[in-house]
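Let me begin by presenting the structure, written as structure tokens, before commenting on it.
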Ligand SMILES: Nc1ncnc2c1ncn2[C@@H]1O[C@H](COP(=O)(O)OP(=O)(O)OP(=O)(O)O)[C@@H](O)[C@H]1O
Ligand SMILES: Nc1ncnc2c1ncn2[C@@H]1O[C@H](COP(=O)(O)OP(=O)(O)OP(=O)(O)O)[C@@H](O)[C@H]1O
Ligand code: SF4
Ligand code: SF4
Ligand SMILES: [Mg+2]
Ligand SMILES: [Mg+2]
């Protein structure tokens, strides 16, 4: 694979099936297949920023766990710089661990409460032997300054810090290994707007100055629009739309993206009319398009065909037979092999 | 509009820390009010204090909270509270998953709440539970009674909590960030559900929200808190479309809408309680601060159709402000 523009991550028809068991009566249990991800294709190129949005339970965290190699796909391939992720991350000091850093939503829970901030940030520096022992304090101080924390925070413990400060410590620790990819699951949700704005500016700045690639799960479309060039919208385990964030949000092609867009709070507007119906159970997916039960544009053919992600406009892809923008990208109309669509590129 | 609840000069200490400083606001009868402000502003503290969930050992309270037909909540005896909590006053917590007991079925939890609050028989409570779940839009409600909380999605868990909170037909409902863990489509659905139910019962509701746009969509009144002080309060449309208080203006400038290209948040954060200015608590970060601000607390006074506590408000000529 060539170096130029080669994707950092590539997901090829990734499927992740969890097996769950549930009691159906006294002493009776049944085993069910739960497809958390289904036919997911995604390429994440160097120095891009990608927002993952979608309904609760749509598979965003599962997708990220696959990228981190914490879950192995049940089917399909998940590649990091052209190699299977599970292979790339073998070995404690594999470059993968240095290259890909994660910020969790529960930053406080992800940090050992008995370690000082200095020790927490020094840990990855020592682990990857990034500098001589005596240079570590200076490096920690530089990282703290980078995330806008005063130097004396180094001596503090997580319990003594505010929520916003703890998030900054988690970001400093993630940056300590000098990663090229930062993956964040709801990293700014639940924070004050002013703290959130400070952290978003910090991440935007890191992306610009360090060439970081960002993968950002969020349910705030304003955050996605501000921080991420590209967006992927998930619904029930499937990526239903991809494209440049503001293009997708301003003129969605997939009816579910349109529903998301309408539901985003806007000053003094009435609260959006909810989608009719319930999100179907992932263990019992309906035939045809998985959004059909709630879709205002549904037609008879939607129940017959499960539409794959196909090109609707240059740079825009949607999994819909009757998209709102552009032309339908299903294989039936275009004749191109949409499931392995080569230009589903981010 | 008459007030259902009138909070007057509420000051609350935890030990030596003055968590709430002279907070006053009215909740209109049949109306909705949003408490907004940064983390640690005291929004949840107001809610738990008004629900009578703080013991004297935890916090000392001064001031009054007059509930129509009941009197001052802060002078109620524990016995009186058991008649009021869950019936006249009810609460929806931020994290429904944590508020529901994982060891009991959803139905069991609703039935026991109904029996406790309304004194219903087991059979009547079961029938009412099914009705309640149906009213909050849970399909196949009778079958769901046997489900454990983890078998429901986050949005469904929150709907169960709403059903429980509404089961006693409360006059006043507190909803503490009821949707912050949910995606925007479910958020819209849950907010509409709460508002529809509250209106149908003629109840009032206090929301704790961090999203100003959502507050503008759902509430009649807004109270902006900073570090336990009321900065600005009044009609949502007036206050949010044209803030007078520098802190409200700052909060509004940090709201991200689709297409927002630039954000200029203030640096720094809320001071710790040991370093709190004696006057206006926002003085350490305020772009409009005057020399007097840190030492002298501005009173909450009417200005341009809302109440503002500020010596140097936004959009007011200097001479007039002073
Ligand atoms: N370890 C697991 N075992 C069984 N099912 C799982 C497991 N992890 C996730 N799931 C299921 O897979 C689906 C996708 O879950 P996932 O956590 O990826 O969703 P999400 O988009 O991150 O949702 P949220 O916005 O609520 O965080 C859900 O139906 C979930 O219940
Ligand atoms: N149980 C407690 N013991 C001691 N201090 C507390 C307790 N609960 C809250 N506080 C303090 O009281 C202040 C107000 O907290 P509160 O939870 O009311 O804020 P909030 O406005 O609800 O914030 P958030 O937006 O983070 O929920 C904070 O400084 C907090 O540290
Ligand atoms: S394929 Fe049909 S049902 Fe599915 S999203 Fe498109 S229009 Fe709606
Ligand atoms: S101008 Fe003074 S009183 Fe007004 S908010 Fe700023 S610091 Fe407080
Ligand atoms: Mg998740
Ligand atoms: Mg709170």
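The values are calculated or read from the model by the stated rules, or taken from the named source; none is laboratory data. Just so you know, these numbers come straight off a predicted model, no measurement behind them. We place every Cβ from the backbone using ideal geometry, glycine too, and count neighbours over all the protein chains shown.
Screening residue A:37 with (1) crowded, with 19+ Cβ neighbours inside 10 Å; (2) in contact (Cβ under 8 Å) with a residue 24 or more places away in the chain; (3) more than 16 Å from ligand 1 (Cβ to nearest atom) gives one miss only, at (3). Among the residues here, residue A:144 does not qualify as under 20 Å from the mean Cα position of the chain (by Cα), buried (at least 17 other Cβ atoms within 10 Å of the Cβ) and within 29 Å of residue A:52 (Cα to Cα). Among the conditions (1) more than 15 Å from ligand 2 (Cβ to nearest atom); (2) within 17 Å of the chain's Cα centre (by Cα), the only one that residue B:70 does not satisfy is (2). When the stretch B:117-151 is limited to residues that are assigned to a loop (DSSP other than H, G, I, E, B) and more than 11 Å from every other protein chain (Cβ to nearest Cβ), the one that is farthest from the chain's Cα centre (by Cα) turns out to be B:121.
Screening the stretch B:174-197 for residues that are away from chain A (no Cβ under 12 Å) and within 16 Å of ligand 6 (Cβ to nearest atom) and picking the one that is nearest to residue B:277 (Cα to Cα) gives B:176.
Here residue B:90 passes the criteria (1) surrounded by 18 or more Cβ atoms within 10 Å (Cβ to Cβ); (2) closer than 24 Å to residue B:197 by Cβ; (3) more than 14 Å from chain A (Cβ to nearest Cβ); (4) within 16 Å of ligand 2 (Cβ to nearest atom) except the one numbered (4). Taking the numbered list (1) away from chain A (no Cβ under 13 Å); (2) assigned to a helix (DSSP H, G or I) in turn, residue B:251 passes all entries but (1). With respect to residue A:164, is the statement that it is within 16 Å of ligand 6 (Cβ to nearest atom) and out of contact with any strand residue (DSSP E or B) (no Cβ under 9 Å at 6 or more places or on another chain) true? The answer is yes for residue A:164.
Residue-by-condition table, conditions (1) within 16 Å of ligand 6 (Cβ to nearest atom); (2) part of a loop (DSSP other than H, G, I, E, B); (3) in contact with a strand residue (DSSP E or B) (Cβ under 8 Å, 6 or more places away or on another chain):
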residue	(1), (2), (3)
A:219	no, yes, yes
A:252	no, yes, yes
A:256	no, no, yes
A:266	no, yes, no
A:274	no, yes, no
A:283	no, no, yes
A:293	no, no, no
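Selection of the stretch A:168-207 for residues being part of a helix (DSSP H, G or I) and more than 27 Å from residue A:128 (Cβ to Cβ) yields A:193, A:194, A:195, A:196, A:197, A:198, A:200, A:201.
Taking into account only those residues within the stretch B:152-173 that are without any contact (Cβ under 8 Å) to a residue 40 or more places away in the chain and in a helix (DSSP H, G or I), which is farthest from the other protein chains (Cβ to nearest Cβ)? Steps first, answer last, please.
Pass one, the stretch B:152-173, residues without any contact (Cβ under 8 Å) to a residue 40 or more places away in the chain: B:153, B:155-156, B:159.
Now drop any that are not in a helix (DSSP H, G or I), which leaves B:155-156, B:159.
Details: B:155: 6, B:156: 9, B:159: 11 Å.
Per the stated criteria, the residue is B:159.
Being within 21 Å of residue A:10 (Cα to Cα) and away from every other protein chain (no Cβ under 12 Å) is the filter here, so list the residues in the stretch A:209-227 that pass it. The answer is A:211, A:212, A:213, A:214, A:215, A:216.
Quick one: which of B:233, B:200 is more than 12 Å from every other protein chain (Cβ to nearest Cβ) and without any contact (Cβ under 8 Å) to a residue 40 or more places away in the chain? Break it down stepwise before answering.
Working: B:233 fails: without any contact (Cβ under 8 Å) to a residue 40 or more places away in the chain.
Criteria check complete, one pass: B:200.
Strands (runs of 3 or more DSSP E) wholly in the stretch B:1-88 with at least 2 residues that are touching a helix residue (DSSP H, G or I) at 6+ places or on another chain (Cβ under 6 Å) and under 27 Å from residue B:247 (Cβ atoms) - which ones? Before the answer, list the steps.
On the way: elements: B:3-14, B:17-28, B:32-36, B:60-67.
It comes to B:17-28, B:32-36, B:60-67.
Selection within the stretch A:172-190: residues that are under 17 Å from the mean Cα position of the chain (by Cα) and within 24 Å of residue B:41 (Cβ to Cβ). The member of this set that is nearest to the other protein chains (Cβ to nearest Cβ) is A:189.
Look at the stretch A:154-165: where a residue is within 14 Å of chain B (Cβ to nearest Cβ) and a partner is in a loop (DSSP other than H, G, I, E, B) and at pLDDT 95 or above, sitting 6+ places away or on another chain with Cβ atoms under 9 Å, you get A:156/A:116.
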